[in-house]
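The numbers here are math on the coordinates, done by the rules we state, and not lab data. What you see is a predicted model, and the numbers here were worked out from it, not measured in a lab. Quick reminder, even Gly has a Cβ in these numbers, built from the backbone with ideal geometry, and neighbours come from all protein chains shown.
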Amino acid sequence: MIGEPEEVSEEPGRPGAVDGPAAGGAPADDLIEGGAPADGPAAGGGRQEAPVRVARRRVWAGVLTGVVAASAVWAAVLRGSGWGQVAPPDLHGYRLVDDLCSSLHLEPLSDALNGGFEYNVPVVRRGPTVDHMTCALTARSASADGWETVYRVTVSVDLHKKTDPRTEFTDLYGPPAQPPPGLDDDSGPYLQYLYTHETRVRAYPGLGDLAYQTLSPYHQGMSVLRGGAVVTMTLDATNVWTLSGDPPTDRNGAPERPARVTTIALRPALIRTVRHVMTVLSP
């Protein structure tokens, strides 16, 4: 005979209570205080995080906020102290002048070249980091036989306002670390320069903070560093036939005058002119 089904009690600890998932389908181990599952649906259909997780997130948020605040404070301190900043080079009052390329400002070289240069408008560029000026000048010396000697002089001035140009100056104008093969002898390192002739570069003491002189029979140059100011001057010359027809030749068929002109005699005037230019640039 089939009897009545035994009633099952839902209260824990009472006879007939069922051990297993609680009402709502969540395991007993997943229940948290308040009766809601740790990761299950909360009352009202949303999700509720465990208090431990919420606490951890709040701790990490506080830590990150502190790190950011401390970094901002240190950044302000370093900016105020100037740490990591490089002081701009001293220009010693040098500035660009509009008439730098005049014969008056290029004495005594202009006097040595029969009265001066054909005037040339300088190229000028000004910027937040460097001011630049350059001139390309020409002087002519004609003779009655139809030949003319043309002298070409370049003058450049760079005023570096942000960074010290010493390293670049040495790389550009100083002797090379390794001279070309076959050009090194007891008199010092050489460069392969204009017309593939050997040109010697040497330090020139007593002018600016650092100066280099470029020497060859046909090319002369002087470059001077003074604080953030760089002044450079070069000199070359050629012979030109100015009359119609071919130039006269010698018995070997070569022109009576070589194309290249020796400029060694103008070295002293070039050096004195660089000194004069630096005086003109200073107040």
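Things worth noting here:
- Residue-count net charge about residue 169 - beta-carbon cut-off 10 Å; Lys, Arg +1, Asp, Glu -1: -4
- Label-to-label distance for residue 68 and residue 148 is 7.4 nm, based on points extended 7 Å past Cα in the beta-carbon direction.
- C-alpha center-to-center spacing [segment 104-179, segment 237-283] in angstrom: 15
- Furthest towards positive pole of dipole, 208, 221, 254, structure part segment 198-283, Cβ charges: 208
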